[in-house]
Amino acid sequence: MQISVVISIVAILASGVVASEVGSESRPKKSQAAVSQAAMVPPTRLGELTRLAGVRTDKGAFGHNYTEVYERFLFQWKNAPIRICEIGIEKGGSLGLWNDYFPRASIFAIDIEDKASMQNARTKTFIADQSKRDQLETFIQTFGGNFDFLLDDGGHTMDQQQISLGFLFKFVRPGGYYILEDIHTSLPAFYPGYGVEPDGSNSTLAMIERYVRGNPPKFESKYMLPEEMRYLNENVEFANLNFRNDSEHSIMCIFKKKQKH
Ligand SMILES: C[S@@+](CC[C@H](N)C(=O)[O-])C[C@H]1O[C@@H](n2cnc3c(N)ncnc32)[C@H](O)[C@@H]1O
């Protein structure tokens, strides 16, 4: 019950509604920019990202169906020369999807295993453990930051998810997104073995719920450095938490970075 309230609030925020406060008493108003941006998206075009996902990645309808949500955020950059970063390559299914949907994008991908065979003219791979800040730092030194969007579809343990978010959020460009997939690993009753402690307070889902319920919203993570939490608190515009429980649990969160003042 409480989760669905939170989801409604963040969904409203993601749709471009500007709320002066997060709470049931707030009276949101749509910004002019959000209205004109929504008007620019022809509804008949939506569905392409899911169609292109097919069965090559579980981001599509055959798996978690995240693409249904992603397209509404990412459509705006379809033909732009954007910079994408993804943690987690496996067989390269999602890298192929980004290549096909964003024909002008540069794609940078991290995996703990060597995935150099997946490289092409627009796609570069890098070996790194997402829970090691020094290795992520080397990745940034090699390829730069300023990503339009960055996805974490790596190992999905609590420390990996939160260290990567804390370290890499500063390398999302202002107005861009950090997408954290498969947060259902925070539910040990369904997905044991991802590092959730007995009281559950260290889980990534608990961290996000504390953030969206907070007044003011505040990141608190045992895995993040104080300066990382401060940066998130100052630079996250909203968290759009998506929770779907049809064929399997599919929890994903999109963090938007504030535009520069
Ligand atoms: C779910 S698969 C990625 C699937 C891919 N994104 C797709 O949609 O087609 C997870 C990948 O994360 C990688 N991985 C696991 N632990 C990691 C870590 N600590 N750091 C970086 N990558 C990791 C695995 O080697 C695996 O290739």
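Just so it is clear, none of the values below were taken in a lab; they were calculated from the coordinates. Predicted, not measured: the structure shown is a model, and the values here were computed from it. Because the Cβ atoms are built from the backbone with ideal geometry, glycine has one as well, and the counts that use them run over all protein chains shown.
Distances between placed amide hydrogens fall under 5 Å for residue 151 paired with 85, 86, 87, 179, all partners being 5 or more residues away or on another chain. The gain in end-to-end length when the residue 235 to residue 51 segment is fully stretched comes to 62.9 nm, 0.36 nm per residue minus the alpha carbon separation. One equal scatterer on each Cα of segment 79-257, no solvent, Debye formula: the resulting log10 I(q)/I(0) at q = 0.13 Å⁻¹ is -0.64. With 0.36 nm allotted per residue and the present C-alpha distance subtracted, the residue 260-residue 113 stretch has 49.4 nm of extension available. Model label sites at residue 79 and residue 121, defined 7 Å from Cα along the beta-carbon direction, differ in position by 1.9 nm.
Multiplying the residue separation of residue 210 and residue 138 by 0.36 nm and subtracting their alpha-carbon distance yields 22.8 nm.
The calculated FRET efficiency for residue 91 paired with residue 187, based on their beta-carbon distance and R0 = 25 Å, is about 0.45.
Remark on residue 123: its backbone amide H falls under 5 Å from those of 107, a criterion applied only to residues 5 or more positions apart or on other chains, H modelled at 1.01 Å from N. Taken as Cα centroids, segment 236-261 and segment 202-233 sit 14 Å apart, rounded to the nearest whole angstrom.
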